[in-house]
Structure formats: C-alpha cells, structure tokens
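Here it is: the structure, laid out below.
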Ligand SMILES: Cc1ncc(COP(=O)(O)O)c(C=O)c1O
C-alpha cells in the first residue's frame, strides 16, 4: 500500500500535527524519502517530551540530551538547536489551535535524520541537509497503566546494547534491541520488558529507567552500566536528595528486584509508575509502596511548580 494511502487512513482519525523542516504538512502528505538514512540505517536521533496544560516539561534538558546524542554519533546538525526548540513549541501551539484541542496534552517527538542521498554508509553520499520531523499527537494516544494498577514486566533474555556497540546513552533511531525485547514480553502477556547487560547487571527498560527501594534506600543503575540518562530519572534522584531519602546509583543483578520492597519505573510518559509483577513474581504485595507514592506525589508537585500550572 503506498505510504500516502496509509497516511490518509491515519489522518481520518487523528489530530496529529506534522512539521517537516519547519513546514506543517498534512498527515496524508507527510512522507520521507526511501533514500533517507533514518530509513536505510536508523541513522537518526530522537527525543520525546510531553506537555502539561500545554507546556512541555524540561524541554531544554531533552534538547541538551539531543546534542549529547549527536556528539556520540558525529552528527553536526544543519539547524541550530534553538530552531528545534522554537519549532517544537510552534508545533505544540499549532496542535492546540485546533478546535477543542487547547486543553489537550500532547506527546511530542522530534526525529532528526542525517539526511538522504546515495546508498552507502560514507558521508559523501549524503545529498541533503539534515531532515527533521516533529510529531504532535494527543497524549491519550499513548495509554499508560494507571498508577494504582502498576506495571507487569518481564526481564528480557535479550541483553541491552553494550556502550561500546550502540551506546544506550545515545537516543538514536535504532531501537530494534529494545523493540524486540518488548515484543517478546508482550507475547508472553507482560506490559513491557527490562534488560540486563552482558554481565547480568540491570540496565533499564525498553523506554524507561528502573528504580528499586529496599529498607528505605532508593537505588537505580548507574549511567556507566549503559543506559539512557533519563530526564525523569534525574528529577527523581534530585527529589530524593531534597526529601532526604537516601538514593544510590549502583550495579545490581536481577534478584535484587525480585527481593525489593518496592520497584518503579520512570520516563517522560510513564512519570513514576510502580511495578507490581516481575517475571510472574509479585512485587511489593501488588500495590504501590510508600516511597514510590512519596516520589510520585513529589514529581507531580515538581511539574506543577516548575511549569506554574493552575
Ligand atoms: C531507553 C530509554 N531509557 C529511559 C528513558 C526515559 O527517559 P526520559 O525520562 O528522559 O523520558 C527512555 C525514554 O525515552 C528510553 O528510551
């Protein structure tokens, strides 16, 4: 089926805004070249932010991470980072200007490809400037488990990419490692997957970071085990410091999670979400533990305060 037809189908049901290189494009016409390197090689980067009352949370931190990802794969953007920021904000406003959408929160994704050209890895083949696409969709399109239902996760048999293979610190368009872990978990009836490194140390989830609590101490994997430096993860570590809750960044094997008093995940979309089931074992008696609740409330308050929400 031609891409146009597929996109038309999507357009019938969505208020999605697509911005390609600074131009709003109807969904039915939003196409990328078959010679684009993101399509051919996953040679692209991305970021995701969500809004609260129309305002993105920690957009500047996401853009800083985008710059860090670019440095990790020798990308020198054709556009200044300020242009991405401006266009993200403009795209969110464009979404909100649609009838009935002013108060709807959004998922906003920016994908930046190294461009299109002749087939072949060499950069001499690239014939266009970098391409960027911004997607703005209703947050309701990305349903999350409610806090009081908690997540059901599988620890994947698939190991996380090694930092010296495809560095997980780089948020690239190449998510096949995580996607395959997710598919196996979903097939087995889980919501999602967690991944270990090749030595058996816990790294992170497919699209989120992971924490556990034992005897009042919060712990999470260190960056150098090979994980994404999550914006939400950082916010939680800072909240622990503020609240006087001890928090450690340590390598740990999977049984620490099975035996933990509480386990929760963090991401821009999931915020703070408790885990109730891990590999079929009940965690925290199948309900959110006290420290997870404290941190979830503190995170909600932080968002409210920082974005000056009503
Ligand atoms: C692999 C991975 N880890 C962690 C995260 C969480 O990061 P953040 O809190 O910045 O959304 C993400 C989110 O995209 C991710 O893809």
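Of everything in region 284-295 that's within 17 Å of residue 217 (Cβ to Cβ) and modelled with pLDDT of 95 or more, which residue is farthest from the ligand (Cβ to nearest atom)?
290
Could you say whether any residue in region 135-148 is surrounded by fewer than 16 Cβ atoms within 10 Å (Cβ to Cβ), without any contact (Cβ under 8 Å) to a residue 60 or more places away in the chain and touching a strand residue (DSSP E or B) at 6+ places or on another chain (Cβ under 8 Å)?
Pass one, region 135-148, residues surrounded by fewer than 16 Cβ atoms within 10 Å (Cβ to Cβ): 138, 140-144, 146, 148.
Subsequent filtering for residues that are without any contact (Cβ under 8 Å) to a residue 60 or more places away in the chain retains 140, 143, 146.
Filter once more, keeping what is touching a strand residue (DSSP E or B) at 6+ places or on another chain (Cβ under 8 Å): none.
No, the conditions are met nowhere in region 135-148.
Yes or no: residue 218 closer than 24 Å to residue 175 by Cβ and in contact with a strand residue (DSSP E or B) (Cβ under 6 Å, 6 or more places away or on another chain)?
Against the criterion (closer than 24 Å to residue 175 by Cβ and in contact with a strand residue (DSSP E or B) (Cβ under 6 Å, 6 or more places away or on another chain)), residue 218 does not qualify.
Sticking with this one: Tell me which helices (runs of 4 or more DSSP H) are completely within region 1-112 and hold 3 or more residues being modelled with pLDDT of 95 or more, in contact with a strand residue (DSSP E or B) (Cβ under 8 Å, 6 or more places away or on another chain) and within 15 Å of the ligand (Cβ to nearest atom), or say none if there are none. Break it down stepwise before answering.
Values: elements: 3-13, 37-41, 59-72, 81-96.
Qualifying helices (runs of 4 or more DSSP H): 59-72.
May I pose another question? Residue 223: modelled with pLDDT of 95 or more, farther than 26 Å from residue 170 by Cβ and assigned by TED's automatic domain parsing to the domain that holds residue 199, yes or no?
For residue 223, the condition - modelled with pLDDT of 95 or more, farther than 26 Å from residue 170 by Cβ and assigned by TED's automatic domain parsing to the domain that holds residue 199 - is not met.
To continue, here is another question. Before we move on, is residue 268 farther than 16 Å from residue 219 by Cα and surrounded by 20 or more Cβ atoms within 10 Å (Cβ to Cβ)? Steps first, answer last, please.
Working: farther than 16 Å from residue 219 by Cα: yes; surrounded by 20 or more Cβ atoms within 10 Å (Cβ to Cβ): yes.
When the stated conditions are applied, residue 268 passes them.
Here is a further query. List every residue pair whose Cβ atoms sit under 7 Å apart, with the two residues 6 or more apart in sequence or on different chains, where the first one lies in region 256-267 and is closer than 14 Å to residue 195 by Cα and the second, anywhere, is within 13 Å of the ligand (Cβ to nearest atom) and part of a strand (DSSP E or B).
Taking only residues 6 or more apart or on different chains, the pairs are 257/202; 265/205; 265/209; 265/210; 265/273.
So, residue 208, is that one surrounded by 21 or more Cβ atoms within 10 Å (Cβ to Cβ) and closer than 17 Å to residue 152 by Cα or not?
When the stated conditions are applied, residue 208 passes them.
Follow-up question, since we're still on this one. With respect to residue 66, determine if the residue is under 14 Å from residue 136 (Cα atoms) and within 21 Å of the chain's Cα centre (by Cα).
No: the conditions fail for residue 66.
Taking the residues in region 212-253 that are assigned to a strand (DSSP E or B) and in contact (Cβ under 8 Å) with a residue 60 or more places away in the chain as candidates, determine which candidate is farthest from the ligand (Cβ to nearest atom). Lay out the reasoning, then the answer.
Residues of region 212-253 that are assigned to a strand (DSSP E or B), as a first pass: 212-214, 217-220, 247-249, 253.
Remaining after also requiring in contact (Cβ under 8 Å) with a residue 60 or more places away in the chain: 213, 218.
Numbers: 213: 18, 218: 16 Å.
Filtering region 212-253 for residues that are assigned to a strand (DSSP E or B) and in contact (Cβ under 8 Å) with a residue 60 or more places away in the chain, the one farthest from the ligand (Cβ to nearest atom) comes out as 213.
The values are calculated or read from the model by the stated rules, or taken from the named source; none is laboratory data. These numbers were taken from a predicted model, which means no experiment stands behind them. Here the Cβ is made from the backbone with ideal geometry for all residues, glycine too, and neighbour counts use every protein chain on show.
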